[in-house]
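First up is the structure itself, then whatever we jot down about it.
We did not get these values from a lab; they are worked out from the coordinates using the rules stated. What you are looking at is a predicted structure, and each value in this text was computed from that prediction instead of being measured. Don't worry about glycine lacking a Cβ; one is built from the backbone with ideal geometry, like all the others, and counts go over all protein chains shown.
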Amino acid sequence: MQPGRGIKIKMNNSNTPKTPIIVPFFILLGLLSVMTASITGCSSSETRPVAAEESVQSGKIVAAEETVTPKKEIRVKAAHPRQYTVKKGDTLWGISNLFLQDPWYWPEIWQKNNQITNPHLIFPGDVLTLVYVNGQPQILVNDAQHKAVQKDSAAGGLPVKKLSPTVRSKSLQASIPSIPGDAIRQFLTKPRIVTKEQLEQAPRIIASDEKHLILSDGDRVYIRGEIDKERVRFSIFRPGDALRDPQTDELLGYEAKYTGDLHVTTYDDPASGDITFSEREILIGDRLLPEDKSKLENLFFPHIPDRKVKAQIISLYDALFGVAQYQIVVINKGERDGMEVGHLLATFTQGGIVRDHLDIRRSKEIKLPNERSGLIMIFKTFDRVSYALTLESRRVIHRDDFVYRPKF
């Protein structure tokens, strides 16, 4: 066949005209190429590209990209002791402060040690030694001494209470607490956050039998309001301030300050009751709320949050100007924001506004950086706010100070 010549195709259909149809040769070659490619594509075992929509419809699951948790930097104090013998009155926080610049990392250096099955159970008499294993610090305990102390405590019939934050079982009372007793006593304040309606509807103390204005243990008082007759024991609270978010002005709740406990004796109008305990002075007008049955832990596992936190101090409990170590603050973040009991947060004092008097213009104000002022630990959470204990204070901590997840 010569190039440029056509191919005559004869049609057998009787309805077709007898005139031959001439198809150019280059068109015929193109048709043959398309047919060959189609047949080859159907029989080929090579995987076809899949569009994004197709992968969803076929139900295929694409593996998520693996995230690598950053390695914790455990910083050991330069002047740490090589060995330390645990004494009565010591705390885990205090001992960790001897060895670590960031004491909340104590489980990291103890839990890796097979000798210490629970880093929150350390006893007076235990000898602790700091060593390095594969470049990482670890605390070793004198195993024989540890078992002897534990055995003596058990033989003495002492009640057992474990310091673990997750597993509740028996442990030895001889084990040292995580934070000092002076700090634990602050938790007896039994903070409560209520709504305005709850305060207004709560029964109130209107008088005492001896016409005292300031009341305490043993005083007989008279109460008006709707009292739950299924209860005989109530907590006494004094209405506090409204708590608002300093950034959004959202009303977060009303603070109710615990003042004592009361036992109702009659349910008349007015009802009668006896004050069984007073945390502070009880006044005419204080309100009754049902006892809080939730357990308030006095043994904690301080730890830093696993996410960034940006909060502010919105109230100073029983303080006007500022607080220091072992005093209480309230922050504008709660359970809805991921706050948990035991969370450690760093406080920062807001930097002031100054002018550079050496600048010839002298018109531009300069904001000084915020300075770290202390370390607080969450011990009671509500939906929108949390109460925290000041564990460390480098300077006075004020209302409106910022609170962040500690970086060091």
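Miscellaneous remarks
- Overall, the range 189-290 carries a charge dipole of about 80 debye about its Cα centre when +1 sits on the Cβ of Lys and Arg and -1 on the Cβ of Asp and Glu, all other atoms neutral.
- Histogram of C-alpha separations across the range 348-399, 10 Å bin width, %: 21, 32, 24, 14, 9, 0
- Set Lys308/Lys333; Lys211/Lys257; Lys257/Lys293 screened for pairs whose C-alpha atoms are more than 20 Å apart: Lys211/Lys257
- Förster radius 35 Å - calculated FRET efficiency between Arg405 and Glu291, Cβ distance, rounded to 0.05: 0.55
- Chymotrypsin sites (Phe, Trp or Tyr not before Pro) restricted to DSSP loop in the range 299-363 with at most 15 other C-beta within 10 Å: Phe321
- The share of Cα pairs per 5 Å bin across the range 189-290, counted from zero up to the longest distance, runs 2, 14, 25, 23, 17, 9, 5, 3, 2, 0 percent.
- Burial ordering of Ser235, Ser386, Ser272, fewest other beta-carbon atoms within 10 Å first: Ser272, Ser235, Ser386
- Projecting label points 7 angstrom from Cα along Cα→Cβ for Glu197 and Asp269 puts them 2.2 nm apart.
- Label reach from Glu279 (point 7 Å along Cα→C-beta): in the range 380-407, amide nitrogens under 18 Å belong to 380-383, 385-390.
- Measuring how big the range 266-408 is from its alpha-carbon positions, Rg and Dmax come out at 20.3, 77 Å.
- Here the residues Arg75, Arg399, ranked from fewest to most Cβ neighbours within 10 Å of their Cβ, fall in the order Arg75, Arg399.
- Where trypsin sites (Lys or Arg not before Pro) fall in DSSP loop in the range 199-288, at most 15 other Cβ within 10 Å: Lys211, Lys229, Arg231, Arg280
- Legend: ranking of residues Ser315, Ser216 from fewest to most surrounding C-beta atoms inside 10 Å; resulting order Ser216, Ser315.
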